[in-house]
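Structure record follows, encoded as C-alpha cells.
All of the numbers you see were taken from the coordinates with simple rules; none came from a lab. In this text the structure is predicted, and so the values were computed from the model without any measurement. Here the Cβ positions follow ideal geometry from the backbone for every residue, glycine too, while neighbour counts run over all protein chains shown.
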Amino acid sequence: MSYIMELRKKIGTMPLIMVGACVIVIRSDQKILLQLRKDNGCWGLPGGSMEPGESLEQAASRELYEETGLTTSCLSLLEVFSGKDMYYQYPHGDEVYNVVAAFVCDTYSGQLMKDEGEVEDIQFFSIDALPSLISPPDRQVLNYYLKINEI
C-alpha cells in the first residue's frame, strides 16, 4: 500500500500536501500521451505521488512505467507546480494541495500498456486536438507546456 493511502487511514479526507511527479511524453510527430483516469473520468498525464526515499525523477519514471508500460532514462524538468491553483478534491472526497514536478520525455521504449487499476484508456493526441476533459492539476501543467512552446 502506498504512503498516501497509509496517511489517509490516519487523517481521512482532510487536505494534505502531496508531492509527486508527472511526465509529458512527446512523440516525434509532436503528439502527447494522455491516459483516461478511472478515478475522475478525465484525461491526464502519467504520474503520481512520490514514495518515501524516492527522488522526483524516480517517482516520474516509476509512475510512467506503472501506468503506461513505457520506460525512459531521459527526463527533462519542465517546472515545479504548487500553490492554491494545484488544490484538488477527488470525487471520493480526498483533498490535496499538489506539489508536482513536471518532466518532459521524448525518448522512451516499451509497449503501451495501461494500468488496469487506474487507467481506462491511453493514447497519443495531437497538440492541437487535446481532449476538453483534462484533469484539473494536469490542465495547469499542459497549459504551461503549450504556452512556453508557443503552441
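In segment 59-80, the residues that are part of a helix (DSSP H, G or I) form Cβ pairs under 8 Å with partners that are exposed (fewer than 15 other Cβ atoms within 10 Å of the Cβ) and of a type in the set (Gly, Ala, Ser), at six or more places apart or across chains, as follows: SER61/SER73; TYR65/GLY110; THR68/GLY110.
The residue of segment 46-83 that is surrounded by the most Cβ atoms within 10 Å (Cβ to Cβ), among those that are over 21 Å from LEU146 (Cα atoms) and among the charged types (D, E, K, R), is GLU67. A residue that is small (Gly, Ala, Ser), exposed (fewer than 13 other Cβ atoms within 10 Å of the Cβ) and out of contact with any Pro (no Cβ under 8 Å at 6 or more places or on another chain) cannot be found anywhere in segment 15-23. Which condition breaks for VAL141 when tested against (1) among the aliphatic types (A, V, I, L, M); (2) more than 14 Å from the chain's Cα centre (by Cα); (3) in a helix (DSSP H, G or I)? The failed condition is (2). Here VAL104, VAL100 are screened, and the one residue that is more than 15 Å from ARG37 (Cα to Cα), in a strand (DSSP E or B) and touching a Gly at 6+ places or on another chain (Cβ under 6 Å) is VAL100. I need a count of the residues in segment 1-22 that are in contact with a Gly (Cβ under 7 Å, 6 or more places away or on another chain) and either part of a strand (DSSP E or B) or small (Gly, Ala, Ser) (or both). Summing the residues that are in contact with a Gly (Cβ under 7 Å, 6 or more places away or on another chain) and either part of a strand (DSSP E or B) or small (Gly, Ala, Ser) (or both) in segment 1-22 gives 3. Screening HIS92 with (1) closer than 30 Å to ARG8 by Cα; (2) in contact with a strand residue (DSSP E or B) (Cβ under 9 Å, 6 or more places away or on another chain); (3) part of a loop (DSSP other than H, G, I, E, B) gives one miss only, at (2).
Can you tell me which of GLY12, GLY93, GLY41 is free of Cβ contacts under 8 Å to residues at least 40 places away in the same chain and loosely packed, with under 13 Cβ neighbours inside 10 Å?
Details: GLY93 fails: free of Cβ contacts under 8 Å to residues at least 40 places away in the same chain; GLY41 fails: free of Cβ contacts under 8 Å to residues at least 40 places away in the same chain.
After applying the criteria, what remains is GLY12.
With the structure loaded, tell me whether SER132 is closer than 22 Å to ILE4 by Cα, of a type outside the set (Asp, Glu), without any contact (Cβ under 8 Å) to a residue 40 or more places away in the chain and surrounded by fewer than 17 Cβ atoms within 10 Å (Cβ to Cβ) or whether it fails that test.
Details: closer than 22 Å to ILE4 by Cα: no; of a type outside the set (Asp, Glu): yes; without any contact (Cβ under 8 Å) to a residue 40 or more places away in the chain: yes; surrounded by fewer than 17 Cβ atoms within 10 Å (Cβ to Cβ): yes.
When the stated conditions are applied, SER132 does not pass them.
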